[in-house]
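Beneath this line is the structure, given in structure tokens, with notes to follow.
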Amino acid sequence: MPLSLPYVVWKARPVEWNTSEARGGDLRSPHGTLTFADGNGRHKIQINVRSIDTIDHRLIFWTGELTKGTPFGQRIISALENIGRFGYHRNPPRLDFFRDGFLNIRAGTIRDTNLDGPNNDITDDLDAFFQADSADFPRSTLFVWGELIGHGSIHQVHMNQGNYSRNRDWYNENGPGQDGGIVMQSPDGMWKYFFIAFAGQASDTDNNGNPASGDATVMLRDFINAPPPVTPTIPVTPGQASGIWIHSALVNPDGPDNTPGHNDRVRLINRATEPISLAGWTIQNQDGRSRPLPDVLISGGGAVRDFDVGPEAYLANNRDGVIVLKDAGGAEVHRVSYSSNVPSGRWIFFGPTRSTL
């Protein structure tokens, strides 16, 4: 299925590039904010600098000069030169990272969100691309592809294909010829591009934009031979003082049992103020079977995160069930139970919520 809202390109003048959220304002799903003007006022675009995909939160990007010396450059630049007025335009020249034959997919650069030091994360790379402190920035012409939100902004400014079935909402948005991206023309007539994908998306897609070999398709991060993500370990006090609780669980979701995208899931919430590492933590079911949790951080202040626990720690739906969360030392952090009559395919709520923190 394609994007649910219109696919457009927006022509505008850049006004501001703000990275306050990207540099620590939102640890779970941060964005950089690009403000632009088009003659009808100012608008904002949120550009992803981190994924909420539990497989890998990093992003991959391609950037460089765009010229008419390549078939892709000739097609895109010629089409953009023919766009007259500022504002958003439906039926734009379409972007397709795989089918345009322009990007060397294997040459993509993988980046984390916000690391100490210069020139080592995607926020730094976007800073270098926009050069928002330069005199040329507000005089440049900006073209942004994505999905139109009302009449005030666009989102999905990234690759919009190759999402796996484990992320059902994203999978349903897959489609060819609808990738998001950014192209800028400087006052001296030079063109450049910045295209973003997620490390956990597929490295090849079929004619519908789905992973070419289903869930067996090599992920982008592995295709470009990227090292695994590094998650800093933050000391955690075992037991409920750690702040992590079992928030809810999805028991016996729709679809074939024990297949990608159809496993039981557990949602955790961090009631503490600081992020907590789940390195070495496990989920245990009513039969004592365990599933290791990935080495990730859960942000503080009520942030939630979902985890696939099947088939190793399957959740019973035909008898009373128990879910136990254990820390890296094996200590029990939180335990919840539910009855055998819970409906299949629906989330069971245990609490607490953000509002009760």
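Each reported figure results from applying straightforward, stated rules to the coordinates on display, with no laboratory input. Small disclaimer: the values here were computed from a predicted structure and weren't measured. Because the Cβ atoms are built from the backbone with ideal geometry, glycine has one as well, and the counts that use them run over all protein chains shown.
Only Lys, Arg, Asp and Glu carry charge here, each on its Cβ (+1 for the first two, -1 for the last two); on that basis the chain has a dipole of about 640 debye about its Cα centre.
Values of log10 I(q)/I(0) for the chain across q = 0.07, 0.08, 0.09 Å⁻¹ run -0.34, -0.45, -0.56, by the Debye formula with one identical scatterer at each alpha carbon and no solvent. For the pair ALA79 and LYS44, label points projected 7 Å from Cα toward Cβ lie 3.0 nm apart. Could you pull out every residue, at least 5 positions away or on a different chain, whose amide H is within less than 5 Å of the one on THR205? Hs are placed 1.01 Å off N in the peptide plane, and Pro or chain starts have none. Sorted by chain and number, the residues that satisfy this are ALA212.
Modelled spin labels at ALA135 and THR54, positioned 7 Å past Cα toward Cβ, are 5.3 nm from each other.
Descending by average beta-carbon neighbour count within 10 Å, the peptides 154-161, 174-181 line up as 154-161, 174-181, the highest first. Hey, quick one: spin label on ARG346, modelled 7 Å out along Cα-Cβ, who in segment 291-326 has an amide N within reach, i.e. under 19 Å? From segment 291-326, the list is 315-322. Computed from label points 7 Å out along Cα-Cβ, the spacing between THR33 and ARG106 is 4.1 nm.
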